[in-house]
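Asker: Handing you this structure, nothing more for now.
Computed from the coordinates by the stated procedures, all read-outs in this text should not be read as laboratory data. All values reported here derive from a predicted model rather than from experimental measurement. Quick reminder, even Gly has a Cβ in these numbers, built from the backbone with ideal geometry, and neighbours come from all protein chains shown.
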Amino acid sequence: MMEPAQLIGPSSALGAPAPYWFLVFFKVLGFTLHTAPMHLWFAGTIVALLLGRSGAGHAQLLSARLLRRMPIVIAYGVNFGIVPLLFTQVAYYKVFYPATILMAWPWFSIFVLLTLAYYGVYIYAAGLHNGAGMTRLRNAGGWMAAVLFLTIGFLFSNAFSLMVNVAAWPQLWLASSVAGASVGTALNLGDPTLWPRWLMMFGLALTTTAAYVGIDTGLFAGGEPAAYRQWARSLALKLYSFGLLWFGCAGLAYVATWPVELRDAAFGGWRAVLMVVTAVAPGLPWLLLLRQSRSAGGRALAWTIGVTQFGVLALNAVSRQVVQNLQLRGFVDVTSEPVTLQWSPLLSFLGLFVAGVAVMAWMLSRVIAAARRGPVPGRSAEPGPEVRASAG
């Protein structure tokens, strides 16, 4: 039987292009920036579509407000997703490339599925923007996108759980190879951590969607009826509560699948503090949403909800990174890689990263300014009767 270490990639003769702290900092930062918009399409799309089918006016209005912005949200998420993927490939290439080679075809299919999901969202959003009504094709596009986003999340969970499940590689390789060559069809379905990890991610995405509803209601929905705003604040609290319960249950199931050695290491010393803080951190946005639902609050409270939810996502990214290193420490020590500083690509990256964030921040400011100005004269912000009829 082949040893797992034989399938791990060799060290690069060039060494790491930057210190480990630099690589992991941008990996975690990029993942946090990516996670916020990604959660909105991962869980927010299906939540909005379900609200749209409810037949209630407030629910359909919220559905339309979220899905009209979804193409922009996806664009932000995809662009920010480049950063953590890049630094994963640089810092963890020894395990990232073998894992994604084993599941090459499912991994490659993500690009196709994402393209189709993007088109589905655009088709649905077009019916909301141009007032032409929601045809069966547009409805189908929206639901297709929701299913594809869930599938993409599942494939990502496969890839990154397989990346640290090095012990399972030889068996997966033998089961999906021809004449010693992997055919790229393996999935990490036998890993007990896979399903709870995917479900935990969806639960956290529900909380981010709820936080977004609170932000949207507090910052951009001033032109909507007071009854709608009160309903949306109440829904945000309920949705966050549901997502928090989902996240907690799936998180406990996920931790229960860890080997004893991993649990002891993760909940020992300073790591125990990090894990506990990560687990209880979502309680702060929940309390802020509770306050918003009872007293409405203002823009400051809405911004605070957004900042605290971003902090929740950052803590989860840090904890995820710590656990990932613990899972790999028996096979790979990424912190011991020799470093050969490559100043030209480092400075180029930093310059482009700052410029890219600045451009995206400017684009976001234009979107916020347009939202504050309200709907175009002569066009109602309410979804039309055709949307209501077809959504039911």
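Asker: Over the chain, what per residue volume does the convex hull of the Cα atoms give, in whole Å³?
Answerer: Convex hull volume per residue, Cα atoms: 146 Å³.
Asker: For residue 339, list long-range residues whose amide hydrogen, built 1.01 Å from N in the peptide plane, is under 5 Å from its own amide hydrogen.
Answerer: Result for residue 339 returns 16.
Asker: State the Cα centre-to-centre distance between segment 46-72 and segment 248-307 in whole Å.
Answerer: 27 Å
Asker: Of 290, 206, 174, which has the largest mean-square fluctuation in a 10 Å C-alpha GNM of the chain?
Answerer: 174
Asker: Work the Kirkwood hydrodynamic radius out for segment 53-183: mean of 1/r over every pair of different alpha-carbon atoms, inverted, in Å.
Answerer: Taking every pair of different Cα atoms in segment 53-183, averaging 1/r and inverting gives 17.0 Å.
Asker: For the pair residue 105 and residue 53, what calculated FRET efficiency results from E = 1/(1 + (r/R0)^6), where r is the Cβ-Cβ distance and R0 = 41 Å, to the nearest 0.05?
Answerer: So, using R0 = 41 Å, E works out to roughly 0.75.
Asker: Still on this model: How do 34, 129, 58 line up, fewest other C-beta atoms within 10 Å first?
Answerer: Listing 34, 129, 58 from fewest to most nearby Cβ atoms yields 129, 58, 34.
Asker: How big is the dipole moment of the chain about its Cα centre under a simple scheme where the beta carbon of each Lys and Arg is +1, that of each Asp and Glu is -1, and everything else is neutral? Debye, nearest 20, please.
Answerer: So the dipole magnitude of the chain works out to roughly 1380 debye.
Asker: Per DSSP H run of n ≥ 4, the term is -39500 (n - 2.57); total these for the chain, divide by its residue number, and report the mean residue ellipticity at 222 nm rounded to 500 deg cm²/dmol.
Answerer: -25000 deg cm²/dmol
Asker: Now a separate question. Ranked by Cβ crowding within 10 angstrom, fewest neighbours first, how are 237, 219, 128 ordered?
Answerer: Sorted ascending by nearby Cβ count, the order is 219, 237, 128.
Asker: Further question on the same structure: Which residues in segment 76-116 place their backbone N less than 19 Å from a point set 7 Å from the Cα of residue 352 along the Cα-to-Cβ direction?
Answerer: 76-93
Asker: OK, next. Between residue 340 and residue 181, take the C-beta separation as r, use R0 = 45 Å, and let me know the FRET efficiency to the nearest 0.05.
Answerer: 0.90
Asker: Turning to a different aspect of this structure: Given R₀ = 30 Å, what would the calculated FRET efficiency be for residue 129 paired with residue 238, taking r from the Cβ atoms and rounding to 0.05?
Answerer: Between residue 129 and residue 238 the formula returns 0.60.
Asker: Separate question: Please work out how much length the chain gains when fully extended from residue 86 to residue 174, using 0.36 nm per residue of separation minus the C-alpha to C-alpha distance, in nm with one decimal.
Answerer: 28.8 nm
Asker: In the chain, with Lys and Arg counted as +1 and Asp and Glu as -1 at Cβ, which of these residues, 194, 370, 208, has the Cα nearest the positive end of the dipole, that is, farthest along it?
Answerer: Value: 370.
Asker: For labels at residue 151 and residue 167 in the simple 7 Å Cα→Cβ model, what's the distance in nm?
Answerer: Calculated label separation equals 3.3 nm.
Asker: Using the 10 angstrom Cβ neighbour count as an exposure proxy, how do 115, 304 rank, fewest first?
Answerer: 115, 304
Asker: Per the Debye formula with a single identical scatterer at each Cα and no solvent contribution, what log10 I(q)/I(0) holds for segment 192-332 at q = 0.19 Å⁻¹?
Answerer: -1.02
Asker: Here's another thing I want to ask about it. Scan the chain and note any complete DSSP helix (H) whose C-alpha atoms cover at least 15 Å along its axis and whose Kyte-Doolittle average is 1.6 or more.
Answerer: Span-like helices here: 70-91, 270-280.
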